[in-house]
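Here's the structure, in structure tokens; my notes come after.
The values are calculated or read from the model by the stated rules, or taken from the named source; none is laboratory data. The structure displayed is predicted, hence computed values, not measured ones. Areas reflect the complete protein model, heavy atoms only, side chains present, ligands, DNA and RNA absent. Shrake-Rupley method; radii C 1.70, N 1.55, O 1.52, S 1.80 Å.
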Amino acid sequence: MVMTLEADYAVRIVEYLTNNPERCDAKTISDQMQVPLRFCLKILRDLVAQGMVVSFKGAKGGYTLAKSPAEITLREVVESVEGPYMLSRCQKAEYSCGRSHCKLHSIYEEISNNVRKELDSYNFKMICCSED
């Protein structure tokens, strides 16, 4: 399994904002993190909507983190663009494989819970701290 490109871009953007706490415009973030500007703007909108990033309008506008990097987990960023992490679509309420006693449902849920827990164990302060 591979994380989506959009989730990878979201992580890059939050990483950049963590390392550059002053207001940054989308073009600079896009250029520095090698994220196409169109995707950068879409992801920034998602991050603003989720309360992780603040946007400022006008000539001196830009983006900054809305919270401390220690309060932003890797899971929160990934799920801001992908939705809740789940290993299989059979974990969604609206999907049914039609098998009433499928043992895979509980296995997939356990794996998904473990991945969510692991993603929650990393915050952007930890991810971006320099190792001296």
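Mean sequence separation of contacting Cα pairs (under 8 Å, at least six apart), scaled by the length of the chain, corresponds to a relative contact order of 29 percent. Counting only protein heavy atoms and a 1.4 Å probe, tell me what percentage of the chain's accessible area is made up of carbon and sulfur. Of the solvent-accessible surface of the chain, carbon and sulfur hold 52 percent.
Across all Cα atoms of the chain, the radius of gyration (one decimal) and Dmax (whole number) stand at 17.1, 59 Å.
Rounded to the nearest 500, the 222 nm mean residue ellipticity of the chain from helices alone is -15500 deg cm²/dmol, with -39,500 (n - 2.57) taken per DSSP H run of at least 4 residues. Axis angle, to the nearest 10 degrees, between helix 37-49 and the longest C-alpha principal axis of the chain: 70 degrees. Once the Cα atoms are used to define both axes, helix 104-120 deviates from the longest principal axis of the chain by about 20 degrees. Cross-link pairs exceeding 27 Å between alpha carbons, from the set K42/K125; K42/K103; K27/K67; K60/K117: K42/K103; K60/K117.
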